[in-house]
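Data block below; observations after.
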């Protein structure tokens, strides 16, 4: 199956619910190694995205993602605003001219978004950041696509890899972001950014599976 | 949580409304997007000075807007960086045609949001330079961290650069001064209690009755190590030792010395710490040429303090003495 504008809007709506439901969890994770605002900021940002998309419904996939990006950059703040804003900005560009996202396009969408996050945040694998969920997810999705998997399998494998990557941040010592100030004390805590990134992938898999 | 607030989400906007009413002679507040600016901005021909960061550190930054210091400040949500649209609007509003310096504290979010804003301003033809303050000796500066945090030296940089811009320094000269201040300033902080972000509703970390955190930042984040509480003399010696060894400061140096409260520590204790600090400086042959004791860069209601030493020179001291008229710092006027 393919994903159209309606399904992209649905993904963003689900993300609003997901970040509202996990607001406390993300904030608690951030309390341990950061500044206790990640869940609050993600909830505020995606609530604003939902309101923006309800007020002005864009006509194509690219504009939907671009509006989401502009809203996140404006309302989230912190590092997450520019990082998730850049994700959606680049994802939007990857969808230019498309009325439907096919299985191969979904990999291109995430690849563009994830590479954008990498350029903006300058974090590498193992730094205990969003990238530790996003990079394994991208690898898994690429491989699934090369193996000829369909949309559902590609997204499921991406989400599973993001989940494993998220758990993989627990033993890491942070080298980027606010958690890096703790040095060895950041070890033993799950990274809040990797967690919100995992939720992003999971929501895409859940929404676009059928 | 016991706080004098209404809706926890609205604290930044509501405090700014009060700030604007209380200091209508000095500053104005724009709410869409949110920034605070000098009542007489833009000052034609003057280099603009803009800073910003999360709310909860007051008087930094909004309380340092006014003649002789900042032209504008961009407050974010509590402990959350402001967004590029705020910074871009503030920069445009105070640009007097001579360009604008952004003074940015080294936090991942602040740096990214100011970078995005600078790109927007440059696209509009406004010349912007940015200096990132990273003076916290508690953080190891290496390829493997986000680098040192920007803390107390930010206050001193805003005062000195504000004075320099008032004297007619062009953008390149103000930028060079700011970099010099950052190179020569060092800070370290400690906490006796945690603090509660209004929207989070509970303390960011828990400290036992006889515990303290050494090497904290200004966001209620845990520090480098948790230690048993000790007398102020011992703690001051330990903190001063970390700061003095880092630059290093040596005999014959003149410094601007700041003992800063984190928000919940009485001035009585801050002066006590200052007394200990100046004794330590004198014993090492270092002269505190100028002093600042009080709550200048805070962490909500956290109890604790930070020490900042800036190695001063003949350029900095006269700029320090220049008139300043802001809600948080005023003299000579």
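Observations on the model:
- Residue match in the stretch A:142-156 (condition: outside any helix (DSSP H, G or I) and in contact (Cβ under 8 Å) with a residue 24 or more places away in the chain): yes
- Taking the stretch B:295-318 as the range and being buried (at least 22 other Cβ atoms within 10 Å of the Cβ) and over 13 Å from the mean Cα position of the chain (by Cα) as the test, the residues that pass are B:300, B:302, B:304, B:305, B:309, B:310, B:312, B:316.
- In the set (1) modelled with pLDDT of 95 or more; (2) closer than 24 Å to residue A:51 by Cβ; (3) more than 15 Å from the chain's Cα centre (by Cα), the condition left unmet by residue A:168 is number (2).
- Taking the conditions (1) in contact with a helix residue (DSSP H, G or I) (Cβ under 7 Å, 6 or more places away or on another chain); (2) over 12 Å from residue A:34 (Cβ atoms); (3) part of a helix (DSSP H, G or I) in turn, residue A:182 satisfies each one other than (2).
- For the stretch A:25-43, a residue qualifies if it is at the interface with chain B (Cβ under 10 Å from one of its Cβ atoms), out of contact with any helix residue (DSSP H, G or I) (no Cβ under 6 Å at 6 or more places or on another chain) and surrounded by fewer than 24 Cβ atoms within 10 Å (Cβ to Cβ), and the qualifying residues are A:28, A:32.
- Given (1) touching a helix residue (DSSP H, G or I) at 6+ places or on another chain (Cβ under 9 Å); (2) facing another protein chain (nearest Cβ under 10 Å), index of the condition residue B:110 fails: (1)
- Some residue of the stretch B:173-196 being within 14 Å of chain A (Cβ to nearest Cβ), on the phi > 0 side of the Ramachandran plot and out of contact with any helix residue (DSSP H, G or I) (no Cβ under 8 Å at 6 or more places or on another chain): no
- Taking strands (runs of 3 or more DSSP E) as the structural unit, no element lying wholly within the stretch B:45-111 holds at least 2 residues that are surrounded by fewer than 24 Cβ atoms within 10 Å (Cβ to Cβ), at positive phi and assigned by TED's automatic domain parsing to the domain that holds residue B:26.
- When the residues of the stretch A:185-205 are filtered to those that are closer than 23 Å to residue A:15 by Cβ and outside any helix (DSSP H, G or I), the one that is farthest from the other protein chains (Cβ to nearest Cβ) is A:190.
- Exactly one residue out of B:232, B:240 is touching a helix residue (DSSP H, G or I) at 6+ places or on another chain (Cβ under 7 Å), within 30 Å of residue A:186 (Cα to Cα) and free of Cβ contacts under 8 Å to residues at least 60 places away in the same chain: that is B:232.
- Flag for residue A:92 being surrounded by 20 or more Cβ atoms within 10 Å (Cβ to Cβ), in contact with a helix residue (DSSP H, G or I) (Cβ under 6 Å, 6 or more places away or on another chain) and either within 23 Å of residue B:113 (Cβ to Cβ) or modelled with pLDDT under 95 (or both): yes
- Qualifying residues in the stretch B:204-223 (those that are within 14 Å of chain A (Cβ to nearest Cβ) and surrounded by fewer than 21 Cβ atoms within 10 Å (Cβ to Cβ)) - the one nearest to residue A:189 (Cα to Cα): B:205
- One residue from A:170, A:154 being more than 14 Å from every other protein chain (Cβ to nearest Cβ) and surrounded by 23 or more Cβ atoms within 10 Å (Cβ to Cβ): A:154
- Filtered residues of the stretch B:277-300 (kept if outside any strand (DSSP E or B) and farther than 24 Å from residue B:195 by Cα): B:277, B:278, B:279, B:280, B:281, B:282, B:283, B:284, B:285, B:286
- One residue stands out among those in the stretch A:55-88 that are facing chain B (nearest Cβ under 7 Å) and part of a loop (DSSP other than H, G, I, E, B): the one that is modelled with the highest pLDDT, which is A:79.
The values are calculated or read from the model by the stated rules, or taken from the named source; none is laboratory data. Keep in mind that what you see is a predicted model, and the values were worked out from it rather than measured. Please note: Cβ atoms are built from the backbone with ideal geometry, for glycine as well, and neighbour counts cover all protein chains shown.
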